[in-house]
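Asks: A single structure is presented below for examination.
Please treat every number below as a calculation from the coordinates, not as lab data. Small disclaimer: the values here were computed from a predicted structure and weren't measured. Glycine also receives a Cβ, built like all others from the backbone with ideal geometry; neighbour counts cover every protein chain displayed.
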Amino acid sequence: MPRETADVVVIGAGVVGLTVAREFALRGRDVLVLEASSTFGTGTSSRNSEVIHAGIYYPFRSLKAILCVRGRDLLYKYCSDRGIPHKQLGKLIVATGVAEIPKLEEIQRRGVVNGVENLRMLEGYQAMEMEPELWCVKGLLSPSSGIIDSHSFMLSLVGEAENSGATFSYNTTVISGQFDGASMRLHISESRELENNKGLPDLQPQLILIPKIVINSAGLSAISLVKRFEGLDSRFIPASYFARGCYFNLSKAKAPFSCLVYPMPEDGGIGVHVTLDLNGQVKFGPDVEWLNDVDDTSCFLNKFDYSVNPDRSSRFYPEIRKYFPDLRDGSLEPGYSGIRPKLSGPGQLPSDFVIQGEEVHGIPGLVNLFGIESPGLTSSLAIAEFVASKFSRSA
Ligand SMILES: Cc1cc2nc3c(=O)[nH]c(=O)nc-3n(C[C@H](O)[C@H](O)[C@H](O)COP(=O)(O)OP(=O)(O)OC[C@H]3O[C@@H](n4cnc5c(N)ncnc54)[C@H](O)[C@@H]3O)c2cc1C
């Protein structure tokens, strides 16, 4: 079996893997990115709302709160400095009934302690003056929320990582790993071998890599992958859940809003909201649909069912009409869907990002990134900074 050594191996070329690869490369490390798909950003990173979140919702001192606020600032600066298309549109979180007002006030308090500036509580009439198609009894205005062209962002990250010496190996799947007490080994296979074999169980690796540092940023597969790491204590591997979110596009109508509009958060998500993209296209979503029985091979090869069942629109209409009463019948068309890598299941409290290094699991050089759901895109540059700083002394 061929064996090779490596310095820093990043597993997964989603937005988080890309920011991490760029960060290590800029710090002078020799970086190799292994990606199962044929190019970067084909997983969750291209199936999200493309919203730059302000950092409002998350518990005080949580990684989501800290990394979102820091990541948002880094992201706006990154985009401005490099001409990446983005727009700071602002966002209104709306209460559509009096009973929701205490929850909205609680969201404001959270935002303030998290360091989100400029939050402003508006009376219903003020919010509706701003957005004439809107219905609400109160609205919390977040001027620092915005949207971004995530593909341009990722393309720029790949370019900067490569310019600083990082190498990308596409169609390359990490199928398992091993820690023998002294060094790590990653078992690598061409992705097509995995396809042809129709599964992982009997697949033999084609290469063994012996890296100094491994960043497991495999997104939806991050947990299934480390379950296949010999030498990693299973106590440190959290349960994983998958929640699909579908979007519907607004068709045959002018954009009704000029900023982002969010209802109250719901179990598993932050509500079927209105997002605008940089071309002015309006979409509503994502909803929450828990998936069961996800197998490792589908995960590694991103073989999920991303189709949007048109029948789901029957749930969207009443939800959206709570804040956009003039939504016309027949104006919603199926859009796309994405899947959230979650660490808590239905009815459980939302979990934080988990960024797990040697101090937790005892394996030098291994960092696992678990549960990097929203606001992972916003936080990505801050996640990279955080991960790389764990190794700053050895860099
Ligand atoms: C519906 C939805 C809406 C969202 N909206 C927002 C938003 O508006 N704002 C925001 O900030 N965040 C949002 N997010 C979150 C954000 O999209 C994610 O946090 C982010 O994209 C995660 O990036 P990643 O690199 O960790 O994962 P991914 O993009 O999934 O990348 C992981 C990569 O690893 C590869 N891979 C998997 N297994 C292997 C293996 N064994 N070997 C090699 N490669 C492998 C995959 O092919 C994939 O390319 C949303 C998420 C969802 C699902």
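Asks: If we count every other residue with Cβ under 10 angstrom of Leu141's Cβ, Lys/Arg +1 and Asp/Glu -1, where does the sum land?
Replies: Spelling it out: positives minus negatives among the neighbours equals +2.
Asks: Shifting gears a bit: Could you pull out the pairs from Lys212/Lys342; Lys91/Lys303; Lys252/Lys342; Lys91/Lys283; Lys254/Lys322; Lys64/Lys91 whose alpha carbons sit more than 25 Å apart here?
Replies: As for pairs spanning more than 25 Å Cα to Cα, those are Lys212/Lys342; Lys91/Lys303; Lys252/Lys342.
Asks: For the chain, what size does the Cα cloud have along each of its three principal axes, sorted from largest down, in whole Å?
Replies: In descending order, the Cα extents are 68, 43, 39 Å.
Asks: Next up: Give me Val367, Val294 ranked fewest to most by other Cβ atoms within 10 Å of their Cβ, as a rough exposure proxy.
Replies: Val294, Val367
Asks: Quick one: what are the phi-derived ³J(HN,Hα) couplings along region 227-238, Karplus 6.51/-1.76/1.60 with θ = phi - 60°, whole Hz, x for glycine and proline?
Replies: 5, 9, 9, 5, x, 9, 5, 5, 4, 9, 9, x
Asks: So how strong a dipole does region 174-288 carry about its Cα centre when Lys and Arg Cβ are +1 and Asp and Glu Cβ are -1, to the nearest 20 debye?
Replies: Computed charge dipole of region 174-288: roughly 260 debye.
Asks: With just the Cα atoms defining each centre, how far is region 311-347 from region 282-310? Give it in Å.
Replies: With region 311-347 and region 282-310 each reduced to a Cα centre, they are spaced 14 Å.
Asks: A follow-up question, please. Assigning unit charges at the beta carbon (Lys, Arg +1; Asp, Glu -1) and nothing else, what dipole magnitude in debye, to the nearest 20, does the chain show about its Cα centre?
Replies: Using Cβ point charges on Lys, Arg, Asp and Glu, the chain gives about 540 debye.
Asks: Let me ask something else. What is the fewest-to-most order of Ser392, Ser37, Ser169 by other Cβ atoms lying within 10 Å of their Cβ?
Replies: If I rank by nearby Cβ atoms, fewest first, I get Ser392, Ser169, Ser37.
Asks: How would you rank Thr44, Thr5, Thr167, going from fewest to most other Cβ atoms within 10 Å of each one's own Cβ?
Replies: If I rank by nearby Cβ atoms, fewest first, I get Thr5, Thr167, Thr44.
Asks: Would you mind getting me the FRET efficiency between Asp73 and Glu266? Use the beta-carbon distance for r and R0 = 25 Å, nearest 0.05.
Replies: 0.35
Asks: Turning to a different aspect of this structure: In the chain, with Lys and Arg counted as +1 and Asp and Glu as -1 at Cβ, which of these residues, Phe153, Val94, Val367, has the Cα nearest the positive end of the dipole, that is, farthest along it?
Replies: The residue sitting farthest along the positive end of the dipole is Val94.
Asks: Once amide H atoms are built 1.01 Å from N in the peptide plane, which residues 5 or more positions from Phe229, or in another chain, come under 5 Å H to H?
Replies: Gly177
Asks: Taking only the alpha-carbon positions of region 37-130 and ignoring solvent, what does the Debye formula give for the base-10 log of I(q)/I(0) at q = 0.17, 0.20, 0.23 Å⁻¹?
Replies: -0.92, -1.12, -1.26
Asks: So how far, in whole Å, is the C-alpha centre of region 57-124 from the one of region 1-45?
Replies: So the separation of the two Cα centres works out to 30 Å.
Asks: Considering only DSSP beta bridges with both partners in the chain, what is the antiparallel share in %, to the nearest 5?
Replies: 65 percent
Asks: Run the dipole for region 39-162 about the Cα centre, Lys and Arg Cβ at +1, Asp and Glu Cβ at -1, nothing else charged, and hand back the magnitude in debye, nearest 20.
Replies: That gives region 39-162 a dipole magnitude of about 400 debye.
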